[in-house]
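Below is one structure, written out as structure tokens; comments come after it.
The values are calculated or read from the model by the stated rules, or taken from the named source; none is laboratory data. What you see is a predicted model; the values in this text were computed from it and never measured. As a convention, Cβ positions derive from the backbone with ideal geometry for all residues, glycine included, and neighbour counts pool all protein chains shown. These area figures cover heavy atoms from the full protein model, side chains too; ligands, DNA and RNA do not enter into them. Shrake-Rupley method; radii C 1.70, N 1.55, O 1.52, S 1.80 Å.
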Amino acid sequence: AQSVTQPDIHITVSEGASLELRCNYSYGATPYLFWYVQSPGQGLQLLLKYFSGDTLVQGIKGFEAEFKRSQSSFNLRKPSVHWSDAAEYFCAVGLGSSASKIIFGSGTRLSIRP
Amino acid sequence: EADIYQTPRYLVIGTGKKITLECSQTMGHDKMYWYQQDPGMELHLIHYSYGVNSTEKGDLSSESTVSRIRTEHFPLTLESARPSHTSQYLCASSERPRRGSGELFFGEGSRLTVL
């Protein structure tokens with residue numbers, strides 16, 4: 001079955017510390033991969049995406065993600081978090097030749113310790 | 001700036017009523033989606049469409065139905081609303097990844113409360 005797993009429900013890191021949010025998928029082929037962020041009461045904003053090519057992708061707000069085919073993973077990283085990064089982060093995968101079906105993981109809530 | 005619109009933004013209705021949530025986009029996107037999301041929770045795909053006259057059910061079982069008669073319009077209908085349908089419904093659209101960014105553009109959501 002197709003699925004997206006974000007194993008960490010809630011993560012708290014100190015401001016200025018590094019961050020890694022995990023995402024694993026289950027699918028018979030390489031899907032299109034996305035990370036979105038949702039601040040409280042706000043809509044979803046695309047942070048970055050991977051379709052093909054370089055497996056390390058850069059996104060907005062200083063985020064990056066690395067696709068590892070052997071691990072079916074697409075983990076999100078940031079070297080130094082800011083208090084404004086506190087939000088809900090969703091990994092998503094696009095399935096099919098044109099990513100017609102896009103499903104989301106359950107999300108990871110990021111809190112920042114002052 | 002994304003141009004995708006949902007109406008109504010808020011709706012409170014009684015059990016058994018029929019409702020239609022409207023979603024329109026002016027970007028000419030092939031693909032459109034309906035997600036259900038409770039506050040602070042995950043997004044569940046309930047319906048999607050990859051073009052006119054194509055609709056598919058998502059992974060979350062839903063009693064709602066959708067139609068895609070025009071590219072820009074993707075309404076969702078509940079024939080008989082129940083309290084279990086209380087939630088926020090998000091409409092989104094996207095282009096094919098190789099033609100566009102593949103990014104989902106979301107409407108502002110329709111928050112439904114069934115009493």
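Listing for the model above:
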item: Selection count, the stretch A:82-108, where residues are facing chain B (nearest Cβ under 7 Å), surrounded by fewer than 20 Cβ atoms within 10 Å (Cβ to Cβ) and not charged (D, E, K, R); result: 3
item: Number of the condition not met by A:LEU46 [criteria: (1) within 12 Å of chain B (Cβ to nearest Cβ); (2) in contact with a strand residue (DSSP E or B) (Cβ under 9 Å, 6 or more places away or on another chain); (3) free of Cβ contacts under 8 Å to residues at least 40 places away in the same chain; (4) open to solvent by 50 Å² or more (accessible area, probe 1.4 Å)]; result: (4)
item: Residue identified as surrounded by fewer than 21 Cβ atoms within 10 Å (Cβ to Cβ), over 16 Å from A:LEU21 (Cα atoms), away from chain B (no Cβ under 14 Å) and of a type outside the set (Gly, Ala, Ser) among A:PRO79, A:PRO114; result: A:PRO114
item: Residue within the stretch A:53-69 that is closer than 28 Å to B:HIS29 by Cβ, in a loop (DSSP other than H, G, I, E, B), open to solvent by 60 Å² or more (accessible area, probe 1.4 Å) and of a type in the set (S, T, N, Q) present; result: no
item: Single residue of the stretch B:62-95 satisfying the filter (open to solvent by 10 Å² or more (accessible area, probe 1.4 Å) and touching a His at 6+ places or on another chain (Cβ under 9 Å)) that is farthest from the other protein chains (Cβ to nearest Cβ); result: B:GLU63
item: Within the stretch B:101-115, considering residues that are touching a residue at least 12 places away in the same chain (Cβ under 8 Å) and in contact with an Asp or Glu (Cβ under 9 Å, 6 or more places away or on another chain), the one most open to solvent (accessible area, probe 1.4 Å); result: B:PHE105
